[in-house]
Amino acid sequence: MTSERLRTLTSWNADWKGLRVAVLGLSVTGFSVADTLTELGADVLVVTEKADEEYARLLPVIGARLWTGSLESVPAELVEFAPEVVVASPGFAPRHPLISWAQENDIALWGDVELAWRVRDKVVRADGTPADWILITGTNGKTTTTRLTATMLVAGGLRAAPVGNIGTPVLDAVRDPEGFDALVVELSSHQLWYLGLQDSPDPLSPHAAVCLNLADDHLEWHGSFDEYRAAKAHVYDNTRVACVYNKADAATQAMVEDAEVVEGARAIGFDLGVPGPSDLGVVEGIVVDRAFLEDRHKSALELTTVEELASLGLAAPHIVANILAAAALARSLDVAPTAIRDALRGFRLDPHRIEVVARHAGVTWVDDSKATNPHAAASSLAAYPGAVWVVGGLLKGVDISELVAGRGATAKAAIVIGLDRAAVVAAFERHAPTVPVFEVDADETEVVMAQVVELAAGVARDGDVVLLAPAAASFDQFASYADRGRRFAAAVRDRIGTEDPGDHDAAAAGPDDAPRPDDLGDAEDRG
């Protein structure tokens, strides 16, 4: 009976009243789920290890109940509640006791994105249809590409918002009374794993989707690389118009080839080379679209130039790739090339993403603390070959050896930080023995970056770059990647003094950033 009822719940206007729903996790995502469901009339029990004081105070106000305590086993209160649906925040891994319990008892298991898709028609456009969804995932570059795409759509005259793993829950956008033409949804592998569980009569069907790249990450959450890849591949499920993929990453092309899509959906490739007739790419320094025009076999549309991107601080190869992906997604919604160019002229990268924090005595200090896995750090090192590399942290079960043997071998020196620094030092000993390695053995957060900067200053000379690209998560020693980056920048400025604050170029001028909510599940990874 329950499963039959759930199959009818594919609209905001369906009968949700009295549906028993357990919500796992209470931060930004968990609260948005509870708030939505209580508004719909569901009976909601929130289960979490600990609750933010404000959210705990608000839950009874909105009509939900709260249980807090250890989740190492299934609470008796949850069993007694007998939920018909469990909506889990993405931090709950597949082998978590509560997730296993739900699956063993055949209880429907959703993520917040599944719920948002089912109620997406709360606010509709003038033609009576809900907003189009554009999905973005990848091991790296998701947030930058999500912001780029939303900026391009807005420049093209559409009402659009970047949502999802970027920090704003999809449910908040779905319930916005003003409504949207398009939602640009950043999805983590965790969120995609939950989507992959669904057997819905109205499955999520995006207008366009992209997996930017694929590399080892989150193996401790998924259990294996194959499981991680399988989760990422769900981004293309049921795509209607454009499956955008990275021609330089064969795994993303294979995902598109294997995907079950709506008939008529096109595969659109991008890379930094000359594009084919259904691709976006670069021709003699000109960024072009050969996918979304009638005469694509014989001509191309200019979007911008690499020279102009360089003047905007956006010419690092991996950033150009993100721009191409975002442009493909925007073009799938008929955004004009001129609007894309205008959007890029006003775009700024997030803080802690290849951000120049200072230039002093010929040395450039770069904060790429967002490079929280080897794939992201490889892109940073490609942009700054021969840098003094600040590396290390919490490796999340990922082997760093390949990165050290490749990009790391060209570093001028390595300064190793973090809980897992022994593994990093060992990788240099095995694969890059000629690179000088300095180990920061401080465990106190307050002094780590001061030691890093002191060591780096002793190595770097006129013309050198000191690059913080840790290839690891920050939670071993810092509150977040943002905290790590801010402490690095502060230590640099303390070292060089206030008389030369550095040259904060275009890449440095972004909005203030904040750590991602813990229950978004991808708080540290870009994965």
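The values are calculated or read from the model by the stated rules, or taken from the named source; none is laboratory data. None of these values were measured; they are calculated from a predicted model. Backbone-built Cβ (ideal geometry, glycine too); neighbour counts: all protein chains shown. The accessibility values were calculated without ligands, DNA or RNA, using every heavy atom of the protein model including side chains. Shrake-Rupley method; radii C 1.70, N 1.55, O 1.52, S 1.80 Å.
For the reader, a short list of remarks on this structure follows.
- Every pair of residues 6+ apart whose Cβ atoms lie under 8 Å, when the first sits in the stretch 61-89 and is acidic (Asp, Glu) while the second is open to solvent by less than 10 Å² (accessible area, probe 1.4 Å): Glu77/Val47; Glu84/Leu19; Glu84/Val21
- Ala291 surrounded by fewer than 22 Cβ atoms within 10 Å (Cβ to Cβ), outside any strand (DSSP E or B) and small (Gly, Ala, Ser): no
- Complete set of residues in the stretch 325-356 that are over 23 Å from the mean Cα position of the chain (by Cα) and touching a residue at least 60 places away in the same chain (Cβ under 8 Å): Asp334, Val335, Ala336, Ala339, Asp342
A quick yes/no check of all residues on (1) outside any loop (DSSP other than H, G, I, E, B); (2) under 20 Å from Phe31 (Cβ atoms); (3) open to solvent by less than 70 Å² (accessible area, probe 1.4 Å):
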residue	(1), (2), (3)
Val46	yes, yes, yes
Leu59	yes, yes, yes
Ser73	no, no, no
Val79	yes, no, no
Pro83	no, yes, yes
Gly91	no, yes, yes
Pro94	no, no, yes
Trp101	yes, no, yes
Val113	yes, yes, yes
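- Residues located in the stretch 1-13, provided they are surrounded by fewer than 20 Cβ atoms within 10 Å (Cβ to Cβ) and touching a residue at least 60 places away in the same chain (Cβ under 8 Å): Thr2, Ser3, Arg5, Leu6, Arg7, Thr10, Ser11, Trp12, Asn13
- Taken over the stretch 145-188, residues that are of a type outside the set (Asp, Glu) and under 19 Å from Ala343 (Cβ atoms) amount to 25.
- From the options Pro75, Pro90, Pro130, Pro94, residue that is touching a Lys or Arg at 6+ places or on another chain (Cβ under 7 Å) and of a type outside the set (S, T, N, Q): Pro130
- Matching residues, the stretch 294-307, being buried (at least 21 other Cβ atoms within 10 Å of the Cβ), more than 16 Å from Ala343 (Cα to Cα) and of a type in the set (Ser, Thr, Tyr): none
- Residue selected from the stretch 473-484 under the condition farther than 11 Å from Ala371 by Cβ and aliphatic (A, V, I, L, M), by the criterion least open to solvent (accessible area, probe 1.4 Å): Ala482
- Subset of the stretch 308-333 [outside any helix (DSSP H, G or I) and either open to solvent by less than 10 Å² (accessible area, probe 1.4 Å) or modelled with pLDDT of 95 or more (or both)]: Leu314, Ser332, Leu333
- Matching residues in the stretch 435-472 - criterion: being buried (at least 16 other Cβ atoms within 10 Å of the Cβ) and on the phi > 0 side of the Ramachandran plot: Ala471
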